[in-house]
Structure formats: C-alpha cells, structure tokens
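The values are calculated or read from the model by the stated rules, or taken from the named source; none is laboratory data. Because the structure is a prediction, the values reported are computed rather than measured. Cβ atoms come from the backbone with ideal geometry, glycine included; neighbour counts cover every protein chain shown.
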Number of protein chains: 2
Amino acid sequence: MYIPTLEDMIAARARIEPYVHRTPVLTSRMLNELTGAELFFKCENLQKAGAFKARGASNAVFGLTDEQAAKGVATHSSGNHGTCLSYAAGRRGIPCTVVMPHTAPQAKKDAVRGYGGRVVESEPSTSSREAVFAEVVAQTGAEFVHPYNDPRVIAGQATCSAELIEQVEGLDAVIAPIGGGGMVSGTCLTLSNLAPSIKIYAAEPLNADDAARSFRAGHIIADDAPDTVADGLKVPLKELTWHFVQNHVTDILTATEDEIVEAMKLIWKRMKIVMEPSSAVPLATIIKNPDIFAGQRVGVIITGGNVDLDKLPWN
Amino acid sequence: MYIPTLEDMIAARARIEPYVHRTPVLTSRMLNELTGAELFFKCENLQKAGAFKARGASNAVFGLTDEQAAKGVATHSSGNHGTCLSYAAGRRGIPCTVVMPHTAPQAKKDAVRGYGGRVVESEPSTSSREAVFAEVVAQTGAEFVHPYNDPRVIAGQATCSAELIEQVEGLDAVIAPIGGGGMVSGTCLTLSNLAPSIKIYAAEPLNADDAARSFRAGHIIADDAPDTVADGLKVPLKELTWHFVQNHVTDILTATEDEIVEAMKLIWKRMKIVMEPSSAVPLATIIKNPDIFAGQRVGVIITGGNVDLDKLPWN
C-alpha cells in the first residue's frame, strides 16, 4: 500500500491547476452567531463538475502516461466520482467508462454522458457490478480509478485544504463529511504536514456511522446498506483512508437525518448556495457541539452541489 | 418630481459602502453555450438581507438627518423592501415599521422582525393598507420610504450597475427584471451617464406584463392583481420609474411562467446559487431571444435570493 505524501499533493496541485477552480471561501454572520464559532466555508459545490472529486479525478487522469491514457479510465460510481472522472477524461480527450446500477438516477447517468463518458449498467448487486466492471477493464485495458482508496485521488483531494489554509489564516479546526474518507484523508495529508496544529474533524450521518464506529473500535467496520439522506456518505472506509483517519483525525461526530436536513436548509437560506445533503453534515455537527467549536475558527468543507432539485429532502 | 442624478448615485455609493456588499459577478460556461451569449451574473442574491433593495433602503436611511432619523422610517411592503428597510434601520439603530397584510407569509414577517423592525398588519385590501399606514405615520412621524418610486431608493439601486461596469469590461447590454422599476431605473441612471453605449433591457413575466404594455402604449398601465410565480414583479410602474424606463430602456421582453421556472432551475443546477423566481426572468428572456443576445456580452442582474424553500415553484 503506497501512502501519498506531501510531495504528491504538491505535484497534484501543479498538475490539476488548469482543470479545477480555486474555489471561494464564504462566511455568514448569522451562522457565526448561531454557532458561536467563526466558520469559513470552502465551497467545492462551486468546483468544476460540482464537487471536490474533480480534484482527485483530474490528478489521476493527468498523471497517466500517454500510453496508459490512450486506453482510457474506468470506475464504478453512481455519485460524483463518476461524473468528475468523466469530466477529467473529457478534458484530456480520453475514453471514460463508468459502471453503475441500472437503478441509478437518470440525472447521474446524464451527468457522466454530458462530459463525454460512457455508462455501462449492471444489476444493483455488488457481485454484478464487479463482474461487469471486470469485463469493461478486460475489454478496454482502462485504468481503474477508485473513488477514494487510491493515492492519486487522495493527493488530488488534498489540494483543497492547501488552498483553504492560504485563504484563511489562523484556523483552529477543519471539518469535512466522511463517507469513504477521500476528502478527510486528503485533509489529513495536507494539514498534518503543513499545519499540524489544526485539528481535523470528520462529520458523519448517524444512520451511516460506520466510520465513527471504526474510529472507536480501532479497525474498519463496514455497514451493509446504510440509509441516509446524505447519499454521498454511504460507502465504507478502505485501507488507505483508514490509515489517515486513524492517525490524524481528532474525532468523528455524527448528526441525525433531521439535523442534517435542517443544516442544509439553513445554508441554502442564509448563504444562498445550492449544496448536497452530505455537505450539510459538518454544520449539523457544529451546531450540536458548541463545547468543541464555540470560539474557534473553523474551516468547513462544502463538498458538492449536485442535488436533485426535484427530490429535495424537505419536500 | 425630483429626478435623481449621477451625483446622487455617487453620493449614495459613498454613503452605503459600509452597509452593503460589493457583490460578486459569476459566469457559467454551460449557460454561455446554451444562449450563445457571454453572460455575467451580478449576484445581488448574495447582497445584505438577500436582495439589491438593501442598497436603496440604506441610502434612504443613512441620508436622513439625525432629527428625521430619530422618528424612524416606515413603508408598506410584503417583499424584500420591507426586510431591507428593516436591515438598514437596524444598522443605523432607528425604528422601522413595515405595514403588511395579515395574509403575508410568516417568513416575511419574521425577516422584518429578525432585523429589529416592527410589523403592523392590515387587511389585504389597498384601502386598509393605506389607512393603517397613514395611522403609523401620524403616530410616529416616521419617514416614508417607498419601495421604488423614491429618488433616494433609485440612486441607491443605481450603485449596482456602477459596480458591474467596473467588474466587467465591454458589456454590450444589461438586463434586469422589472416590477415597479426601481432596479431598472437605477440601471438607467448609471448607464445613461457612464456607459451610454450599453443597451438596457427589462425582463417581465408575461402574466404581469404591465410594464411591457406601458412601454408600447407610451403611458403607465397598471394591472389590478397579476398572478405570477415571480412575486417580486407584480407591482406597477410609477411616475419616477416610468421616466427612466421611457427614456432609456431599449426593450421590455417577457417570459411565460414555465420559461421562468425552467430558467430558475437551470441557474440553481448549473451555478449552485439560490435565487428568486423574479431573478430568473432575465435568463428566460435571453434564452428565447438569441437574435438579440447571441454574440453579446450581457450583464444579468440576479436581484434577490429570498425564496421560500418549502414552496419551490417546481414542487
């Protein structure tokens, strides 16, 4: 297992710079008053393809040799990673195949195709997905880019907090949502090297709290099929992300479904930005843990903005 | 009738600078491709109190003498003007009374109160509103600040396009939604003086097209009770705004309810910003008039972001 390093992050940053935004940091006086903290929202919902995953995907795609690249890239994802890998492959002009269950939302399939990628459908089961994916790779020779358990992807996500600490001075803590742990691992990579005094928190839906339970148990616990409105956070930790979480995260905090939806509405209403339920989990945990966050300067990573406007969780 | 001048706009800009944001200008490659134009969205949804009306209200409030200010300000509005007047009065620390029908949405009453203003309820009829308002003014001696037919308010709104032409070079046109005409009048004031080559368009719901009909008829036509999803745009032109519209607007374009909602969803989905239905009318008219806008650099004023998330127009 290769653990990505600070040098990998620095290389990633130079490599992906032409293909990703340096996203803005927004603040809200009202949310500061509500939480007693000073919050700095790093808006990856305004990132290319609408999610931070454009960073890791671009790093993987643009790090390939021409020979590798010619065969294209492939992944399995019905979420932002598939869309973002398609985006990055499109920018390099190489093929991208995304395997997703035929039950995935039409909008997700359209998003992959919108950037020029190919969608191959499987049955919803893990075994079908793996079989179909193996076939795709066998046929194309495409490079597999895992959504998060991949050093190239983590080094790419790590560029986000490198920007954040340049944009905001004197942060006491940074908090990001945790699913598979790609963003949290990237945050650990950067901050443990460049700003080790900043505490790193992860925020997770109580309904899918496998990372929090892993953290307390000291080994990876994977849930079978957690159900949460924060649908980007259902996947489990893997070896590489577990390494970073175990070594650098101060705590993993959880929020209920109602708390997540309430925080999401607060951000939409007060900050006038569209973001995903997953991205609201950090604020939900900040609101309920004033003992940790009050009086602190806190970076909050808004991970993505690709939400189905026809199925908002409060309707 | 006093017509506000460029000097009034310049004085307003200095006066309100501590109380309003210089709002950002956002762009979207996808929306440029869709329309064939280069669009520059001036994001007043990110303005203080969530709407451009914070500009005019702040100019009126901070232009009062201390003696006038001590008696406070008053208005009738169940929309953003009431909220923004309350915001400005709160910043100056003076009383603000807003008369609105008891049928107005609770969120609107809460917004006024949230900034420290007082809500006085009337019956929904115009006669009741006027009677209640007269009583408020008689009791308090408060200064009446009309939502748009007021030179102080128009001079304040005019600061928006003064920023826009500093932020974006070489605009061919600017388009803003039109209801009472306050924003459009402010735009006319600034551009006719500082950038007379920029064409000014107004965008209106077809269901409340009294301004478009006024423009063609050559005199003010006021509708009785138009019904449109763009609820900020139901009010009619008045003498002062008619002056600017008549003299400086190139055309008033209209869009159907469906076109407005479609444009609103496009902006939410692609630009990840929350804005009101009224603010989507310009994009709706740009999409349907490529003969006017294709190939042009167009400033698009996103007027406000105070939307009821529980009653989105596509749900």
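Matching residues to (1) touching a helix residue (DSSP H, G or I) at 6+ places or on another chain (Cβ under 8 Å); (2) on the phi > 0 side of the Ramachandran plot:
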| position | (1), (2) |
| --- | --- |
| B:LEU237 | yes, no |
| B:ASN247 | yes, no |
| B:ILE252 | yes, no |
| B:ASP258 | no, no |
| B:LYS272 | yes, yes |
| B:GLY295 | no, yes |
| B:PRO313 | yes, no |
Q.
For the structure I just gave you, tell me whether A:LEU253 is among the hydrophobic types (A, V, I, L, M, F, W, C) and closer than 22 Å to A:PRO226 by Cα.
A. yes
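Residue by residue, here is whether (1) surrounded by fewer than 20 Cβ atoms within 10 Å (Cβ to Cβ); (2) in contact with a strand residue (DSSP E or B) (Cβ under 9 Å, 6 or more places away or on another chain); (3) away from every other protein chain (no Cβ under 14 Å) holds:
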| site | (1), (2), (3) |
| --- | --- |
| A:LEU34 | yes, no, no |
| A:LYS42 | no, yes, no |
| A:GLY56 | no, no, yes |
| A:GLU67 | yes, no, yes |
| A:ALA70 | yes, no, yes |
| A:HIS76 | no, yes, yes |
| A:ASN80 | no, yes, no |
| A:LEU85 | no, yes, yes |
| A:VAL98 | no, yes, yes |
Quick count over region B:221-254, residues being within 17 Å of B:ILE175 (Cβ to Cβ), hydroxyl-bearing (Ser, Thr, Tyr) and part of a loop (DSSP other than H, G, I, E, B), is 1
Within region B:144-159, restricting to residues that are touching a strand residue (DSSP E or B) at 6+ places or on another chain (Cβ under 9 Å) and in a loop (DSSP other than H, G, I, E, B), the one that is surrounded by the fewest Cβ atoms within 10 Å (Cβ to Cβ) is B:HIS146
Flagged in region A:281-315 as surrounded by 22 or more Cβ atoms within 10 Å (Cβ to Cβ) and more than 10 Å from chain B (Cβ to nearest Cβ), in numbering order, are A:VAL281, A:PRO282, A:LEU283, A:ALA284, A:THR285, A:ILE286, A:PHE293, A:VAL298, A:GLY299, A:VAL300, A:ILE301, A:THR303
Here the qualifying pairs (Cβ atoms under 7 Å; residues six or more apart or on different chains; first in region A:261-278 and without any contact (Cβ under 8 Å) to a residue 24 or more places away in the chain; second surrounded by fewer than 24 Cβ atoms within 10 Å (Cβ to Cβ) and assigned to a helix (DSSP H, G or I)) come out as A:TRP268/B:LEU309; A:LYS269/B:LEU309; A:LYS272/B:LEU46
### Query
Is it true that B:ALA89 is more than 14 Å from every other protein chain (Cβ to nearest Cβ) and in a helix (DSSP H, G or I)?
yes
Restricting region B:199-236 to residues that are within 21 Å of B:GLY156 (Cβ to Cβ) and without any contact (Cβ under 8 Å) to a residue 60 or more places away in the chain, the one surrounded by the fewest Cβ atoms within 10 Å (Cβ to Cβ) turns out to be B:PRO236
Scanning region A:40-66 for residues that are assigned to a loop (DSSP other than H, G, I, E, B) and not aliphatic (A, V, I, L, M), the one nearest to B:LEU31 (Cα to Cα) turns out to be A:GLN47
Checked A:GLU67, A:GLU123 against criteria (acidic (Asp, Glu) and modelled with pLDDT under 95); the one match is A:GLU123
Residue pairs within 6 Å by beta carbon, gap of at least six or interchain, first lying in region B:303-315 and part of a loop (DSSP other than H, G, I, E, B), second exposed (fewer than 13 other Cβ atoms within 10 Å of the Cβ), listed first then second, are B:ASN315/A:ASN315
Exactly one of A:THR97, A:THR35 is in contact (Cβ under 8 Å) with a residue 24 or more places away in the chain and assigned by TED's automatic domain parsing to the domain that holds A:ILE165, and that residue is A:THR35
Residue match in region B:172-186 (condition: surrounded by fewer than 18 Cβ atoms within 10 Å (Cβ to Cβ), under 17 Å from B:THR250 (Cβ atoms) and touching a residue at least 60 places away in the same chain (Cβ under 8 Å)): yes
Looking across region A:237-280 at residues that are within 11 Å of chain B (Cβ to nearest Cβ) and surrounded by fewer than 17 Cβ atoms within 10 Å (Cβ to Cβ), the single one that is nearest to A:GLY304 (Cα to Cα) is A:LYS265
Inspect region A:11-32 for any residue being under 18 Å from A:THR187 (Cα atoms), outside the structural domain of A:TRP268 (by TED's automatic domain parsing), touching a residue at least 12 places away in the same chain (Cβ under 8 Å) and crowded, with 21+ Cβ neighbours inside 10 Å and give the result as yes or no. no
Condition set aliphatic (A, V, I, L, M) and part of a helix (DSSP H, G or I), scope region A:196-215, selection nearest to A:ASP227 (Cα to Cα): answer is A:ALA208
Note: among B:ARG113, B:ARG91, just one is in contact with a Phe, Trp or Tyr (Cβ under 8 Å, 6 or more places away or on another chain), of a type in the set (D, E, K, R) and not assigned by TED's automatic domain parsing to the domain that holds B:LEU233, namely B:ARG91
Across region B:113-143, the tally of residues that are assigned to a loop (DSSP other than H, G, I, E, B) and surrounded by 17 or more Cβ atoms within 10 Å (Cβ to Cβ) stands at 3
Scanning region A:160-189 for residues that are farther than 19 Å from A:ALA211 by Cβ and part of a helix (DSSP H, G or I) gives A:ALA162, A:GLU163, A:LEU164, A:ILE165, A:GLU166, A:GLN167
Within region A:117-171, the residues that are without any contact (Cβ under 8 Å) to a residue 24 or more places away in the chain and assigned by TED's automatic domain parsing to the domain that holds A:GLY232 are A:GLU166, A:GLU169
